[in-house]
Amino acid sequence: MFRTLRLDAVLIQAVIAGALSFAHLHDLAAAAGQDGWKAWAYPVSVDLLLVAAWRRMRTDAGNRDPWLWFAIALIASLGANVATAGLLDLQNVPAWLRILVAGWPALAFLGGTLLAHAPAPVQEPERTEPPHVEPAPHVTVERTPEPAPELPPAGPALQSAPPEPAPAPPAVPVPPALLDHAQKIADAHQAQTGAPIDTATLRSRLGVPPALADAIAVQLA
């Protein structure tokens, strides 16, 4: 409730101050020769310039132009309040004041245009810092060595098998006449050379196949 009453008091004070300033500006404009609706337009022009400059100051605090136009509008409002307080004879307004009042619309138009069309300040995007991530603790994993596989006990050394005898050549039937002829050739060869005849020589002398020559050599041995 206290906050509501406080806001209401501020609003009432603002309305009273605005109404008095509005009336003083109207009276000064009328005394300067601006009669009728023109006298009512001057307070509106001054108040609008004040509001425009104030809004620009809030959005662009680093720019000095809004402060300049706010000061001009404030001086115009305060000057009218002071002039109509009995310090100025409203029945005999000086020429310089008439000039200021007559030139005010052009000045207010220039100020309002500059404030309305001034480039808006460029807002830099906020830099968002990446969230701080704590590094994960270093974890060392130790592996238990696996036991070596057990080898089966060594058995007794395998005895080397005796070499198998060469297979005997297959028995080839030898005709008796051929065997007698071969015996004669063998006897003649041994008589000439003193050594028994070998299989190759016997085969060449008889002109028989190797298998038959081997069979004859076996029987002659």
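The values are calculated or read from the model by the stated rules, or taken from the named source; none is laboratory data. Everything quoted here is computed from the prediction, not taken from an experiment. All Cβ positions, even for glycine, are placed from backbone atoms using ideal geometry, and neighbour counts span all protein chains on display. Heavy atoms of the whole protein, side chains included, go into the accessibility calculation; ligands, DNA and RNA do not. Shrake-Rupley method; radii C 1.70, N 1.55, O 1.52, S 1.80 Å.
Exactly one residue out of 49, 87 is without any contact (Cβ under 8 Å) to a residue 24 or more places away in the chain and not β-branched (Val, Ile, Thr), and it is 87.
Pick from the range 98-108 the residues that are open to solvent by 80 Å² or more (accessible area, probe 1.4 Å) and of a type in the set (A, V, I, L, M): which of them is modelled with the lowest pLDDT? Filtering first and then ranking leaves 100.
When restricted to residues that are modelled with pLDDT under 85 and of a type in the set (Phe, Trp, Tyr), the range 3-53 contains 1. Only one of the numbered conditions (1) closer than 22 Å to residue 104 by Cβ; (2) open to solvent by 100 Å² or more (accessible area, probe 1.4 Å); (3) within 54 Å of the chain's Cα centre (by Cα) is violated by residue 37, and that is (3).
Rundown of residues vs (1) within 18 Å of residue 110 (Cβ to Cβ); (2) open to solvent by 40 Å² or more (accessible area, probe 1.4 Å); (3) in contact (Cβ under 8 Å) with a residue 12 or more places away in the chain; (4) outside any loop (DSSP other than H, G, I, E, B), yes/no style:
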position: 21; (1), (2), (3), (4): no, no, yes, yes
position: 53; (1), (2), (3), (4): yes, no, yes, yes
position: 66; (1), (2), (3), (4): yes, no, yes, yes
position: 70; (1), (2), (3), (4): yes, yes, yes, yes
position: 93; (1), (2), (3), (4): no, no, yes, no
position: 96; (1), (2), (3), (4): no, yes, no, yes
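Considering (1) among the hydrophobic types (A, V, I, L, M, F, W, C); (2) out of contact with any Leu (no Cβ under 6 Å at 6 or more places or on another chain); (3) at pLDDT below 85, the lone condition that residue 70 does not fulfil carries the number (3). Residues that are assigned to a helix (DSSP H, G or I) and of a type in the set (Val, Ile, Thr) were ranked within the range 188-211; the one that is surrounded by the fewest Cβ atoms within 10 Å (Cβ to Cβ) is 193. With respect to the numbered conditions (1) over 60 Å from the mean Cα position of the chain (by Cα); (2) open to solvent by 50 Å² or more (accessible area, probe 1.4 Å), which one is the sole condition not fulfilled by residue 79? Here residue 79 clears every test but (2). Would a scan of the range 82-102 turn up a residue that is closer than 18 Å to residue 116 by Cβ and either of a type outside the set (A, V, I, L, M, F, W, C) or in contact with a Phe, Trp or Tyr (Cβ under 8 Å, 6 or more places away or on another chain) (or both)? No; the residues of the range 82-102 include none that is closer than 18 Å to residue 116 by Cβ and either of a type outside the set (A, V, I, L, M, F, W, C) or in contact with a Phe, Trp or Tyr (Cβ under 8 Å, 6 or more places away or on another chain) (or both).
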